[in-house]
Amino acid sequence: MLIAAAVGVLGMVAAVTVSTTPADAAASTLGAAAAQSGRYFGTAIAAGRLGDSNYTTIANREFNMVTPENEMKPDATEPNRGQFNFSSGDRVYNWAVQNGKRVRGHTLAWHGQQPPWMQSLSGSSLRQAMIDHINGVMAHYKGKLYAWDVVNEAFADGNSGGRRDSNLQRTGNDWIEVAFRTARAADPSVKLCYNDYNIENWTWAKTQGVYNMVKDFKSRGVPIDCVGFQSHFNSGSAYNSNFRTTLQNFAALGVDVQITELDIQGASAQTYAAVTNDCLAVPRCNGITVWGVRDQDSWRSGDTPLLFSGNNKKPAYDAVLNALNNAGPGPSNSPSASPSASPSTSPSSSPSASPTRSPLPGGCSATIKTINSWGGGFQSEVTVQAGSSAVNGWTVKWTWPSGQSISSLWNGRQSTSGSSVTVTNESYNGSIAAGGSTTFGFTANGNAATPTATCTSP
């Protein structure tokens, strides 16, 4: 999250037509609408508000991804050196998974919200403390999260395009690379993201600085999977229609892109729709997270920047929902603007052939569908459906045809033996009513494939 006031030049808001979605094609919530194109729509959750039933009702109904607002930051998770405290982080995490949602971890290495003991360190002592902190926190959440914001806000505002002068930066210019390599060793399956604000406008020096870092990391094999664009749009850092170009250019480097902390001063329906459509136009844009549930929950409540005012949906909510529903069953790949750089070929969406469905042994069936693909990888969704009787626990199995391997999986537990994959239910999604269904998903390495899956239940 941005702590200092955002700076930058005022951008131009592109004209956006908010169209009406046919009733027979429309999902009724943000998360469900985003899922139609294989994406998520999430929100920041504060542990202290989980006792507010109005807050949790909206959050549970509308969103399918959760980011803890402050509960996984360094001061919360390691208040004393070597003594970790995950009580608040676990409260948000448990609420999310008990309600069938995935979780983004935020954040591991940051100049802000460091505990006092960390602020007092420098040099090699601070470098080692950073490494120990990453290892300690990631060990606790290993295999449980969708993504981690490994490094947050490491670049300076203004026209330099360089790094922020922080205690972490003063440990050596390689500190970001060390953080990512440490994180990959700590959890090989979670997506590793760099997250920052004021990097949405392609023409800005800060954007170019981050782009060049990611390009360098990818060329040298530094493990970075995604870039998070906070997208705190306001009068000092306005939305510009070249945001789509920015997303395209970063994605073309071979990383996913995610809108991680979206809020828009005044909650313009037009701008919210534009941002949503920008994500939908880029196949590797995984999803959007708004930074809070209601205006009253926002860190910028005076800007009324979110989709809900109290319990009421704002016009911006309808604009976002319509945009998500209009995206259709797969990611769009027909942006209105071309990238202004000349990166390598951009990933493209390659819907699979007809999804495969198993017979109904044990009272359940499984359908695998490829919903997104790019050079060297793809994303799939698996629907597990109960037959004529309820299912209490399920196991899905398939065999890869040509060397594919899962890189990240959610809403299930996997085991592999050679090319054979077995996925079993989590504690929260094992029970399926007769005729009902649940889903799990994964990203995988290799060419997109939809092998025949079998499903069994006890």
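All of Ala434, Ala444, Ala448 fail the test of being surrounded by fewer than 15 Cβ atoms within 10 Å (Cβ to Cβ) and among the hydrophobic types (A, V, I, L, M, F, W, C), apart from Ala434. Taking the listed residues Arg244, Arg284, the one that is of a type in the set (Lys, Arg), more than 22 Å from Thr67 (Cα to Cα) and open to solvent by 10 Å² or more (accessible area, probe 1.4 Å) is Arg244, with no other qualifying. Within region 392-426, the set of residues being open to solvent by less than 30 Å² (accessible area, probe 1.4 Å), modelled with pLDDT of 90 or more and either within 22 Å of the chain's Cα centre (by Cα) or under 19 Å from Ser457 (Cα atoms) (or both) comprises Gly393, Trp394, Val396, Trp398, Val421, Val423. A single entry from Gly172, Gly266 fulfils the requirement of being within 30 Å of Ala316 (Cβ to Cβ), out of contact with any Phe, Trp or Tyr (no Cβ under 9 Å at 6 or more places or on another chain) and not hydrophobic (A, V, I, L, M, F, W, C): Gly266. Residues in region 225-257 that are in contact with a strand residue (DSSP E or B) (Cβ under 6 Å, 6 or more places away or on another chain), over 16 Å from Ala147 (Cβ atoms) and among the hydrophobic types (A, V, I, L, M, F, W, C): Phe233, Leu247. Here Val97, Val103, Val66 are screened, and the one residue that is farther than 27 Å from Tyr239 by Cα and modelled with pLDDT of 95 or more is Val97.
The values are calculated or read from the model by the stated rules, or taken from the named source; none is laboratory data. Just so you know, these numbers come straight off a predicted model, no measurement behind them. Here Cβ is always computed from backbone atoms with ideal geometry, including for glycine, and neighbour counts include all displayed protein chains. Surface areas here come from the heavy atoms of the whole protein model, side chains and all, with no ligands, DNA or RNA. Shrake-Rupley method; radii C 1.70, N 1.55, O 1.52, S 1.80 Å.
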